[in-house]
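First the structure, in the form of structure tokens, and then the observations on it.
The values are calculated or read from the model by the stated rules, or taken from the named source; none is laboratory data. As the structure is a computational prediction, the values presented were derived from the model and not from experiment. Ideal geometry is used to build each Cβ from the backbone, glycine not excepted, and the neighbour counts take in all protein chains shown. For the accessible areas, the whole protein counts, side chains as well, though only heavy atoms, and no ligand, DNA or RNA atoms are used. Shrake-Rupley method; radii C 1.70, N 1.55, O 1.52, S 1.80 Å.
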Amino acid sequence: MQHHLRQTQLLGTDEGSIARAAQILRDGGLVAFPTETVYGLGADATNGAAVAGIYAAKQRPSFNPLISHVATLDQAREQGHFDEQASRLADALWPGPLTLVVPVAAGCRVSDLARAGLDTIALRIPAHPVAQALLQATERPVAAPSANLSGTVSPTTARHVMDGLSGRIDAVVDAGPCSVGLESTIVACAGGRPRILRPGGVPREAIEQLVGPLAEAAQADAPLLAPGMLASHYAPNARMRLEALDTVPGEAVLDFSGQLSAFAARAHAYADLSPDGDLARAAANLFATMRELDATGASAIAVAPVPRSGLGEAINDRLTRAAADR
Ligand code: TXA
Ligand code: MG
């Protein structure tokens with residue numbers, strides 16, 4: 001697909017800037033905006049040509065289905081059908097770092113392209129006040145994957161967005177770093193027991209507390225259920241060596257709770273996701289720290305073990321993807 005170079009405006013979060021960003025979206029343009037999880041690359045979800053621009057700008061190899069972002073539950077219900085369990089999750093956890101995959105509603109206006117032709121739709125109400133303001137001003141669903149080139153780590157600052165997409169999109173709304181730092185948890189409520197398609201910013205435990213035990217994500221249909229979840233989705237250049245208890249000379253170190261601090265002095269580079277072992281802190285720092293260590297040119301990054309409970313499930317999921325062969 002031919003891509004025309006654009007001037008990318010860096011916008012603030014004042015009312016005038018939000019109005020401008022909303023107008024660009026309504027006119028079919030591409031605007032990167034902050035959510036509490038990561039920065040999203042937004043387009044009018046009802047406009048197929050605008051949505052096609054997302055894939056071109058990201059250089060996504062295939063038309064994966066995208067998350068449609070809305071401001072209110074009423075708007076979400078216009079696009080998707082919420083059964084009792086979906087309603088319970090939406091009531092308790094929206095706005096927030098949760099995406100629900102539900103059957104498409106009869107009146108759904110989201111383009112086929114944004115849904116990749118599926119009979120389900122992924123919906124999210126983000127909590128970030130700037131995302132809320134932008135969605136309210138845009139007055140239509142906004143399709144938005146993470147605002148990075150395909151195959152690179154998701155952006156948690158406007159600078160990360162510009163590093164990958166400057167000249168390829170119309171604007172970036174800069175509201176500083178994202179507080180959660182990991183993408184939303186995706187839960188499918190489309191018949192049968194709800195199931196997690198992607199661990200993320202809402203821990204499994206919080207979801208099970210609301211709807212009971214979740215269905216196991218069957219390995220065989222995982223690619224079909226969450227297309228685009230490539231093993232190597234979050235790939236840095238450096239090789240990632242997980243569950244490291246020591247280091248090899250020349251490696252950079254991605255530590256958690258000081259487990260590898262004895263190796264800090266002779267490491268190629270050293271960073272601790274959370275010296276006091278706070279998983280929320282570690283999640284918020286994960287992508288930015290992976291970028292920083294990768295930028296040092298280290299050939300490999302030794303990663304300390306991270307507990308698997310709570311947000312640790314999503315952190316380990318992203319680390320495993322970053323370590324996958326490609
Ligand atoms: O935190 C997030 O979720 C961020 C922010 C911007 O909201 N967005 C994000 O989007 O991570 P993206 O495109 O990188 O991931 C969307 C995931 C994909 O893995 C896609 O396959 C899945 O959602 N998805 C979308 N629609 C689906 C559907 N109908 N059925 C199953 N999976 C779906
Ligand atoms: Mg992504």
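Odds and ends about this structure:
- Residues in the stretch 184-197 that are open to solvent by 10 Å² or more (accessible area, probe 1.4 Å) and within 16 Å of ligand 2 (Cβ to nearest atom): I186, L197.
- Within the stretch 131-160, the residues that satisfy the criterion of being surrounded by 19 or more Cβ atoms within 10 Å (Cβ to Cβ), more than 11 Å from ligand 1 (Cβ to nearest atom) and more than 15 Å from V70 (Cβ to Cβ) are T152, V153, T157, A158, H160.
- Residue check, A175 modelled with pLDDT of 75 or more, open to solvent by less than 10 Å² (accessible area, probe 1.4 Å) and more than 10 Å from ligand 1 (Cβ to nearest atom): no
- Evaluation of A238 against (1) at pLDDT 95 or above; (2) farther than 18 Å from L98 by Cβ; (3) over 20 Å from the mean Cα position of the chain (by Cα) (one fails), failing number: (1)
- Flag for A19 being assigned to a loop (DSSP other than H, G, I, E, B) and within 15 Å of T138 (Cβ to Cβ): no
- Of the residues making up the stretch 49-65, those that are of a type outside the set (S, T, N, Q) and open to solvent by 10 Å² or more (accessible area, probe 1.4 Å) are A49, A52, G53, A56, R60, P61, F63, P65.
- When A262, A288 are checked against the criterion of being out of contact with any Cys (no Cβ under 8 Å at 6 or more places or on another chain), among the hydrophobic types (A, V, I, L, M, F, W, C) and open to solvent by 40 Å² or more (accessible area, probe 1.4 Å), A262 stands alone in meeting it.
- Between S309, S257, S261, the distinction of being more than 19 Å from V153 (Cβ to Cβ), in contact (Cβ under 8 Å) with a residue 60 or more places away in the chain and of a type in the set (S, T, Y) belongs to S309 only.
- Once the stretch 161-172 is narrowed to residues that are more than 13 Å from ligand 2 (Cβ to nearest atom) and part of a helix (DSSP H, G or I), the residue that is least open to solvent (accessible area, probe 1.4 Å) is M162.
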